[in-house]
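Sharing a structure, written as structure tokens. Questions coming.
Only the coordinates and a few stated rules stand behind these numbers; no lab work does. The shown structure was predicted, so the numbers you read here are calculated from the model rather than taken from an experiment. Cβ sites come from the backbone with ideal geometry, for glycine too, and all protein chains shown count toward neighbours.
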Amino acid sequence: MRDTFVAGLRCPACGGEHSFTLCAQERDEREWREGLLRCRVCTREFRVHRGVPELLYEPPEHILLEAAGLERFAEVMVASGWNRETVLALPNVEHGYWYVQARSMHQLLTTVPFHAGNSVLDVGSNTCWAANHFAERGLSAIALDIATTELQGLYTADYFLDEGRVFFERVLGSMDSIPLASSSIDYVYCCEVLHHNDPHGLRRTFAEIFRVLRPGGRLCIVNETLKTLRDPHGVNVEGVEQFEGYEHAHWALGYRLAAIRAGFLTEVTEPHYRPFFGDAEYAPRPDAGPLAGRIGRAGFSLRRIGLVRRLYLAWLNHVWGGVSLNMIATKPRRYVGRHERMATPERLLRTGLAGLRDLVNRLRGRAPARLPRTPEQAQRMMLELPAPTGSRPPSAPSG
Ligand SMILES: C[S@@+](CC[C@H](N)C(=O)[O-])C[C@H]1O[C@@H](n2cnc3c(N)ncnc32)[C@H](O)[C@@H]1O
Ligand SMILES: [Zn+2]
């Protein structure tokens, strides 16, 4: 942990912001490794160990059980050959799961206007591969998790940091009580983590993410586990039981409504790793007959129609499954100052008005265009070619 990070922390016990003093004890060439954080408001002390401020305050039992389960899972990973080299290569590992992670990160980096120096909080960072990826692109990254164990928690960050190319902060804490100051973060990245909440925890987590984001800041939800009509569990029940995970898949609409309730403007985005939403040509399955091939090709050609893409995505997200949820949630710009203690109806009204204001401004050409949805739109934006539909490339977050 570096000195500059101390001021951005929030005491998880009393909620005091910018209230910590660091009593540093031991450092290496990049950061403080050991020390104590003392809160000037409530006088409580929190340890800093291996560079990680331990701000998980009075965690419920399910969090302790889940963290212990991850330690056991890390042992299984070691036994199956995972080591420092494997982690350093992430997400570029030959495995379907990691293909999806890598493609989703690429999608994010090509559709969301991250700028060097923006801050990004990686919630449920696990190995911290994503925090490392953001840091490599010049963002100021912070990894948050409830686990520290190597290969499944925050200490894994040292593998990346030891390479000496980037630095990012790590903090032990829970997403439903984020130990960071209000309105201090540009982006929050949640990849496969929000489902580690029951419905009540999900509401608290969205409220916390809303609190820590700056007005106009964005929450990027990536590959979130879904409950669908075809798969009403959504989670791997056996694995969850074995490692005592605290996992609750929610409906796509449930995540979205929880985000709206917290005050966010939301947009469900397409998973580019699915061929229909990607930029690959149609390739029939090798065992498909000529008729199936023709039907498949005709269905695939419908991806040129925006409404069809939306309907197909809604079908996958709610009924058929086989995908996980991707969503961008934006904190409106005009909430400054008052949003935290606002009652839900007032917040909903203000969110609705902010959305309407956005729409009107966009129609009048006075607001940044929507984020690109398709790989082709993203490519056009990257090449800075004028878009043919009259839409403009996004600049600053709108709100
Ligand atoms: C499936 S992993 C996430 C994977 C990771 N984001 C990635 O892309 O590789 C879920 C992570 O969420 C963490 N987690 C679970 N409950 C949490 C909580 N309340 N607050 C923060 N992190 C939590 C777990 O420790 C675990 O590392
Ligand atoms: Zn305190």
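Dipole size in debye (nearest 20) for region 245-297 around its Cα centre, Lys and Arg Cβ +1, Asp and Glu Cβ -1? Please report the intermediate quantities before stating the final value.
On the way: 6 positive and 6 negative charges, 37 e Å.
Value, rounded to 20: 180 debye.
Here is a follow-up. Trypsin sites (Lys or Arg not before Pro) within region 277-361: which are DSSP loop residues with at most 11 other Cβ atoms inside 10 Å?
Values: sites: Arg294, Arg297, Arg303, Arg304, Arg309, Arg310, Arg333, Arg334, Arg338, Arg341, Arg347, Arg350, Arg357; in loops: Arg338.
Those that pass, being in a loop and sparsely packed, are Arg338.
Cα axis of helix 61-79 to longest principal axis of the chain: angle in degrees, 0 to 90, nearest 10?
Compared with the principal axis, the helix lies near 70 degrees.
Still on this model: Treating only the Cβ atoms of Lys and Arg (+1) and Asp and Glu (-1) as charged, compute the dipole magnitude of region 191-349 about its Cα centre; round to the nearest 20 debye.
1020
Moving on. Could you give the semi-axes, largest first, of the ellipsoid that matches region 231-309, computed as the square roots of 5 times the alpha carbon gyration tensor eigenvalues and rounded to whole Å?
Values for region 231-309, descending: 33, 22, 10 Å.
Given only helices, namely DSSP H runs of n ≥ 4 each adding -39500 (n - 2.57), what is the per-residue ellipticity at 222 nm of the chain, to the nearest 500 deg cm²/dmol?
Numbers: 13 runs with 140 residues, N = 399.
Estimated from H runs of four or more residues: -10500 deg cm²/dmol.
Here's another thing I want to ask about it. For Lys227, what residues show an amide H to amide H distance below 5 Å, using hydrogens built from the backbone and excluding near sequence neighbours?
Distant-sequence amide H within range of Lys227: His250, Trp251, Ala252.
Which number do you get for Rg(Cα) / (2.2 N^0.38 Å) in region 1-55?
For region 1-55, the normalised Cα radius of gyration is 1.02.
Using the Cα centre of region 1-55 as the reference point, and only Cβ charges (+1 on K/R, -1 on D/E), how large is the resulting charge dipole? Debye, rounded to the nearest 20. The partial results should precede the final answer.
Working: 10 positive and 9 negative charges, 31 e Å.
Charge dipole of region 1-55: 140 debye, to the nearest 20.
Rounded to whole Å and sorted largest first, what semi-axes of the equivalent ellipsoid does the C-alpha gyration tensor of region 134-241 yield via the square root of 5 times each eigenvalue?
Equivalent ellipsoid semi-axes, largest first: 25, 19, 13 Å.
Expressed as a whole number of Å, what is the distance separating the alpha-carbon centroids of region 26-78 and region 81-125?
Cα centres, region 81-125 to region 26-78: 23 Å.
A further question on this structure: Please express the Cα-Cα pair-distance distribution P(r) of region 79-139 as a list of whole percents, one per 10 Å bin, running from 0 to the bin with the greatest distance.
Percent of Cα pairs in each bin: 20, 52, 24, 4, 0.
Right, next: To the nearest whole percent, what portion of all C-alpha pairs in the chain is separated by more than 34 angstrom?
The share of Cα pairs beyond 34 Å in the chain comes to 30 percent.
What Cys residues in the chain are without a partner cysteine, judged by a Cβ distance under 4.7 Å?
Cys23, Cys128, Cys190, Cys191, Cys220
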